[in-house]
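These notes concern the structure reproduced below.
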Amino acid sequence: MPHRPQKQSWDSLIDENLKKVFEEDANADLPPHLLELLDRLDKIQVTDGADGSAPLPEAEG
Amino acid sequence: MNRQDAKAELISHMKVLRAFAMSLTRNDAAADDLVQDTVLKAWTNLEKFQEGTNMRAWLFTILRNTFYSNRRKAVREVEDSTGSMTESISVKPAHDGRLQLAEFRAALDLLPVEQREVLTLIGVLQYSYEEAAEVCGVKVGTIKSRLNRGREALALKMHIDANDRMELTDAATHAVVSASGGTAA
């Protein structure tokens, strides 16, 4: 009968894999169009909330 | 907050922001679009950010609210196609006895986004139950429930892979025994 990890070790293993997935994604290079967006942020006109931009959405579940 | 300081801080959060977007969308192009929308909203609403508070948390909130808002619109547009599509996707099990990262990603893709989100907030970003509840706008009990169900689904997948290895081993043994006329030990 093979040894089966207990719930706690499954949870640790899952969290470890989740972290690896997240780290892989966080270490990936940003695509050029996002870098370009950052470069041109200063050129985006902001008029203190009166610019017609969408308001921040309310928190939701 | 000075816009240049804000921009510098915004840039410093970009990669984590994109990783969070990936955890929700599980799709590169969709994650990029989501980050773009988030950055634009944050930039044009910067006066609403309270200096001295956590900008990353603020960006995460904008991102997830944008994601769920877009998702609701998409669900309205294609009312019933996504659910059945998602359920019909199957993950090819791993045959080396442990869940490889690519296969773990595939298993993660199949979870409901609400569970994936909580797994990321708590399992990766080390949010407390209370913080996750605040970010998601739900009760602590709901967070615990989503976390448990997400972990159970992933553990089940990992158990299945372990079982799959057993079956494969049995099949290989059977093949060897058959080929050697039943004399293999």
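Structural remarks
- Just one of the listed residues (B:42, B:30) is facing chain A (nearest Cβ under 9 Å) and at pLDDT 85 or above, and it is B:42.
- Flag if residue A:34 is at the interface with chain B (Cβ under 9 Å from one of its Cβ atoms), in a helix (DSSP H, G or I) and touching an Asp or Glu at 6+ places or on another chain (Cβ under 7 Å): yes
- Residues in the range B:1-33 that are closer than 17 Å to residue B:45 by Cβ and charged (D, E, K, R): 4 in all.
- Of all residues in the range B:45-66, those being within 12 Å of chain A (Cβ to nearest Cβ) and hydroxyl-bearing (Ser, Thr, Tyr) number 2.
- Filter pass, residue B:74 being away from chain A (no Cβ under 11 Å), touching a residue at least 24 places away in the same chain (Cβ under 8 Å), out of contact with any Lys or Arg (no Cβ under 9 Å at 6 or more places or on another chain) and of a type in the set (A, V, I, L, M, F, W, C): no
- Residue match in the range B:22-45 (condition: surrounded by fewer than 17 Cβ atoms within 10 Å (Cβ to Cβ), closer than 22 Å to residue B:118 by Cβ and of a type in the set (Lys, Arg)): no
- Considering A:60, A:23, the condition of being modelled with pLDDT of 85 or more and either surrounded by 11 or more Cβ atoms within 10 Å (Cβ to Cβ) or more than 7 Å from chain B (Cβ to nearest Cβ) (or both) is satisfied by A:23 alone.
The values are calculated or read from the model by the stated rules, or taken from the named source; none is laboratory data. Since the model is a prediction, treat every value here as computed from it, not as a measurement. Positions of Cβ are generated from backbone atoms using ideal geometry, with glycine treated the same way; all protein chains shown enter the neighbour counts.
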